[in-house]
Structures are given as structure tokens and as C-alpha cells.
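Trainee: Provided herewith is a single structure, encoded as C-alpha cells, for subsequent inquiry.
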Amino acid sequence: MQLPNGIRHLPGYLDRPAQEALVEAIRAVVADAPLFTPVMPGTGKEMSVRMTNCGSLGWVTDRQRGYRYQPTHPATGRPWPAMPQQLLDFWRDIAGYEKLPEACLVNFYGDDARMGLHQDRDEQDLNAPVLSVSLGNTCLFRVGGLNRNDRTLSFKLASGDIVVLGGEGRLCFHGVDRIYPATSTLLKNGGRINLTLRRVN
Ligand SMILES: O=C(O)CCC(=O)C(=O)O
Ligand SMILES: [Mn+2]
């Protein structure tokens, strides 16, 4: 399978102990910054994932103000919790980009959740790659080109895998078509967690 230029799939980058440690760190993040249900700008339609963030900035969306980054949680008004050190370490080892990520979006997918084809383009700094970590149940990930109608290809992301969208692939369309239930024992109640690290400014 030939991925578009700039897109890398690193299968099994995190071993099981590293995955377990990361889940613990994310549980602490969620305890401080509860998951919320994002809605589409304009329509107010709820997305099927639930999300929260850690780092100095978090990605949020609502009906009135749309997609954006902000330093505080939309419900609690508190600053986002700090980014766990493991994530900064992965960034240093993989991203090849001096500046550290400001935002880590935490997406929680129940076994019925999905994410439609989209580009990550709410960041000022498009030279930095986007780095995404998968934990829990396997998903079917789809990646296309720079135009929505470009041909796409699909592959599975398992717990511990990392995907990098960088260089020419930074703005490629991508999405999650489905979650495969009961494909991992990492999360006691099933589902999948995705952590997306981004440099914003
Ligand atoms: O869940 C994933 O693997 C992708 C998440 C994503 O593309 C995003 O949050 O922008
Ligand atoms: Mn994305």
C-alpha cells in the first residue's frame, strides 16, 4: 500500500506497558477536563465522538463560534490540563519539528462512533506535522488527497499505532469509518481513544 507523500503509519509504536501508562495519564486528564460532545458549526448537529484536550490550547467547536482553539475548557472554564510527558517525548522522537505541540485533542470513540472525511486546517503553523496515537479498539482509517474527491485508501489502526500527517500530506483529507468492537483489551469498557498532537501557532 502506497500512502500519500508525507503520511506515515508506525504500527505498534507503543508497547502494551506504554499504552497502559498513557491510558492512566489520559484518565487523569479526563477527570480534570471532562469529555464533551462537540457540535457542527451552523447546524448544531452532534458529532458521534466525545472529546477533551490537554496542553496550552484545546480544539473546540460549537454552533455559534465554530472550529477554533482556546486555552480553556468550554464547560468548566478552567485551563486545559498539562500534556503528559510521554506525548511530548513521542513528538520529539517522531515529529522532526523543533517547536513542541500546544494542543492534544483527545477523541473518545464508542464502538458506534466515526469521524467523517476532513482536513486538519485550524492551525496557523502548517509546517508542523500532525501526530496521532491510537489506543483501544482497532479502527478503519481512511486517507485521501488534498481535494475531497480524490481517491482514498483505507487501512486499520490498532492500539499503539501512530500516524503522522506531515509535509505534502499535512492537509490530506482523512477520517475514521468504523470501530471494530472487542479488538483490544486495553480499555475496560471498549471503544477507542485517539490522541491528536498539533502545533497551532
Ligand atoms: O481518530 C483518528 O484517528 C483521527 C482523528 C482526527 O482526524 C482528528 O481529530 O482530527
Ligand atoms: Mn483530523
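Values quoted throughout were computed directly from the atomic coordinates according to the rules given, and no laboratory measurement underlies them. Small disclaimer: the values here were computed from a predicted structure and weren't measured. Please note: Cβ atoms are built from the backbone with ideal geometry, for glycine as well, and neighbour counts cover all protein chains shown.
Trainee: Over the alpha-carbon set of the chain, work out the extent along each principal axis and list the three values in angstrom, largest first.
Mentor: Largest first, the chain extends 44, 37, 36 Å along its Cα principal axes.
Trainee: A follow-up question, please. Ignoring everything except DSSP H segments at least 4 long, calculate the 222 nm mean residue ellipticity for the chain; use -39,500 (n - 2.57) per segment, divide by total residues, nearest 500.
Mentor: Taking each H run of at least 4 residues, the total per residue is -4500 deg cm²/dmol.
Trainee: Please list, by residue number, every one of the trypsin sites (Lys or Arg not before Pro) in segment 1-71 that is coil in DSSP and has at most 16 other beta-carbon atoms within 10 Å. Display every interim value, and only then the final one.
Mentor: Numbers: sites: Arg8, Arg27, Lys45, Arg50, Arg63, Arg65, Arg68; in loops: Lys45, Arg63, Arg65.
Passing sites in segment 1-71 are Lys45, Arg63, Arg65.
Trainee: Starting from segment 116-175, pick out the trypsin sites (Lys or Arg not before Pro) whose DSSP state is loop and whose Cβ has at most 16 other Cβ atoms within 10 Å. Walk me through the numbers on the way to the answer.
Mentor: Numbers: sites: Arg121, Arg142, Arg148, Arg151, Lys156, Arg170; in loops: Arg121, Arg148, Arg151, Arg170.
Sites meeting the loop and neighbour criteria: Arg121, Arg148, Arg151.
Trainee: Starting from the Cα gyration tensor of segment 136-201, take the square roots of the eigenvalues, sort them a ≥ b ≥ c, and report rounded, prolate or oblate (rounded when a/c is under 1.5, otherwise prolate if a/b is larger than b/c, else oblate).
Mentor: Numbers: a/c = 2.92, a/b = 1.61, b/c = 1.81.
Since a/c reaches 1.5 but b/c is at least a/b, the shape of segment 136-201 is classed as oblate.
Trainee: From the phi of every residue in segment 126-138, what ³J(HN,Hα) in whole Hz does the Karplus formula 6.51 cos²θ - 1.76 cosθ + 1.60 yield, where θ is phi - 60° and glycine or proline is x?
Mentor: 8, 7, 6, x, 9, 10, 10, 10, 10, 9, x, 4, 5
Trainee: Something else: Contact order normalised by length for segment 7-198, with contacts defined as Cα pairs under 8 Å and 6 or more residues apart; what percent is it? Walk me through the numbers before you get to the answer.
Mentor: Details: 454 pairs, mean separation 49.1, N = 192.
Over segment 7-198, the number comes to 26 percent.
Trainee: Cut-off 18 Å, label point 7 angstrom out along Cα-to-Cβ of Arg16: give me the residues of segment 137-154 whose amide nitrogen falls inside.
Mentor: 137-138
Trainee: Using 0.36 nm per residue, how much length does the chain from Thr185 to Leu171 gain when fully extended, once their Cα-Cα distance is taken away? Let's see the in-between values first.
Mentor: On the way: separation 14, 0.36 × 14 = 5.04 nm, distance 3.26 nm.
This chain segment gains 1.8 nm when fully extended.
Trainee: Please turn the phi angles of segment 19-33 into ³J(HN,Hα) values with the Karplus equation 6.51 cos²θ - 1.76 cosθ + 1.60 (θ = phi - 60°), one per residue in order, whole Hz, x for glycine and proline.
Mentor: 5, 5, 5, 5, 4, 4, 5, 6, 4, 5, 4, 5, 5, 8, 10
Trainee: Enumerate the calculated ³J(HN,Hα) couplings along segment 186-201 in order (Karplus 6.51 cos²θ - 1.76 cosθ + 1.60, θ = phi - 60°), each rounded to whole Hz, writing x wherever the residue is Gly or Pro.
Mentor: 5, 9, 4, 9, x, x, 9, 10, 10, 10, 10, 9, 9, 8, 9, 9
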